[in-house]
Amino acid sequence: AKYSQGDINIEETCKTIVLSGKKTKQKIAVLLRGRDKVNFSAAKKLIGEEMNIANAEEVKEVAGVDPGAVCPFMLSVPLFVDKHVLALKKINCGSGDHLHGLEFETADLARAVQYREAALSKELVTNA
């Protein structure tokens, strides 16, 4: 993190994933920790239909940017924040620019954007 004002904790790196309903094409965004994966069963229960990861065109339509640069503050669809993200002290995420990211205190997230908390990540299995 040579351009940051300090070290970036890899555990605080997060990603915004856009999901699209298989039937209705309804879209939502999910903010997850970087290492986590979407729990599609939980997303189906939450939204009421099977969800897929949105294609690049759909992402650009709702986020205004290409996949990989999605910023949770620039969305035109509902945002769901995974409970594990809300347990972090800070969030480092996409800014809308592939070359720059955002870092902010997790407590400030609600001041910047409306979201719903949800359990949408798959639990990681580690070999201990």
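The values are calculated or read from the model by the stated rules, or taken from the named source; none is laboratory data. From a predicted model like this one, the values you see are computed outputs, not experimental measurements. As a convention, Cβ positions derive from the backbone with ideal geometry for all residues, glycine included, and neighbour counts pool all protein chains shown. To get the accessible areas, we keep the full protein, side chains included, count just its heavy atoms, and leave off ligands, DNA and RNA. Shrake-Rupley method; radii C 1.70, N 1.55, O 1.52, S 1.80 Å.
Scanning the stretch 78-94 for residues that are under 12 Å from the mean Cα position of the chain (by Cα) and either in a loop (DSSP other than H, G, I, E, B) or among the small types (Gly, Ala, Ser) (or both) yields a count of 2. Taken over the stretch 5-37, the residue count meeting the criterion of being in contact with a His (Cβ under 7 Å, 6 or more places away or on another chain) and either closer than 11 Å to VAL77 by Cβ or in a loop (DSSP other than H, G, I, E, B) (or both) is 1. Under the condition of being surrounded by 15 or more Cβ atoms within 10 Å (Cβ to Cβ) and either more than 15 Å from the chain's Cα centre (by Cα) or free of Cβ contacts under 8 Å to residues at least 24 places away in the same chain (or both), the residues counted in the stretch 24-33 number 1.
Number of residues in the stretch 38-66 that are of a type in the set (A, V, I, L, M) and part of a helix (DSSP H, G or I) equals 8. Taking the criterion of being out of contact with any helix residue (DSSP H, G or I) (no Cβ under 7 Å at 6 or more places or on another chain), of a type in the set (Gly, Ala, Ser) and open to solvent by 70 Å² or more (accessible area, probe 1.4 Å), the residues of the stretch 69-113 that qualify are ALA87, ALA107. Scanning the stretch 34-61 for residues that are touching a residue at least 40 places away in the same chain (Cβ under 8 Å), buried (at least 18 other Cβ atoms within 10 Å of the Cβ) and in contact with a Lys or Arg (Cβ under 8 Å, 6 or more places away or on another chain) yields a total of 4.
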